[in-house]
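Asker: Structure provided below as structure tokens; questions to follow.
Any read-out appearing in this document is the output of simple, stated calculations on the displayed coordinates, not a laboratory observation. Predicted, not measured: the structure shown is a model, and the values here were computed from it. Ideal geometry is used to build each Cβ from the backbone, glycine not excepted, and the neighbour counts take in all protein chains shown.
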Amino acid sequence: MLKANYITTAEFQSYNPEIDFSNVPDATISGMIARGSRAVDNYINFSLFTETVVNEKSSAIINSDGDLVLFPQKLPIQSLQSAVITKGSYKMNLILTDGAGNPVYDIVGQRIIFPFQQMQTTGTFSIRNFYQMRERGFYTVLSYTAGYDVIPDDLKDACNLMAKDIWARQANPIGIKRMTQGAITMEYSQNDGDSDMVSDAKQILENYARRNMAGY
């Protein structure tokens, strides 16, 4: 998984003008952004920036139309370099293009679909059509390119919220909600769940989170 900060220190500062950053080193801010970025990765179950993933074991199914449906882990899918159906020591390589060099698969949202009528393979075992594998257990090994060349603004906002929550917890580690001087009254937050910032970030990330193939 490619690890990177999804917003810069300057962006974090501009998103949060109410925070006084005058005595805070950039390295400290960058560290909080890094933790916020990893929180984003952990929630959606993949990293955001574009990279080529090599030899990833992936789930796959044969749908009711007899098409092979692949579910790469990283999104959004940009291109497919190789796909191998594997069962034990047997391997079957999927041919990705036709005689004119056109892809024989479709990228549809979170899936790569090989239509049954365009199946072409090479390898140590062969089948006439994908239907023959519908009731059999198998997996695929994929090499593909996926991710964002430019991080969408709403994902930057989610990263900012995650990092800001980390900032708030470090600034107020014991969770004081209200404090007065003199008689010294302290009130502690009773919320053991996510903060409002984390909840808002997760609401944004729900639109991007990697879903498994259950219910396809």
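Asker: Report whether or not Tyr6 is in contact (Cβ under 8 Å) with a residue 24 or more places away in the chain and over 17 Å from Asp149 (Cβ atoms).
Answerer: Working: in contact (Cβ under 8 Å) with a residue 24 or more places away in the chain: yes; over 17 Å from Asp149 (Cβ atoms): no.
It is false that Tyr6 is in contact (Cβ under 8 Å) with a residue 24 or more places away in the chain and over 17 Å from Asp149 (Cβ atoms).
Asker: In the stretch 122-137, how many are touching a residue at least 12 places away in the same chain (Cβ under 8 Å) and surrounded by fewer than 16 Cβ atoms within 10 Å (Cβ to Cβ)? Break it down into steps so the answer makes sense when it comes.
Answerer: We begin by selecting, within the stretch 122-137, every residue touching a residue at least 12 places away in the same chain (Cβ under 8 Å); these are 122-127, 129-131, 133-134, 136-137.
The next check asks that each one be surrounded by fewer than 16 Cβ atoms within 10 Å (Cβ to Cβ); those that pass are 122-127, 129, 131, 134, 136-137.
Adding up the residues that qualify gives 11.
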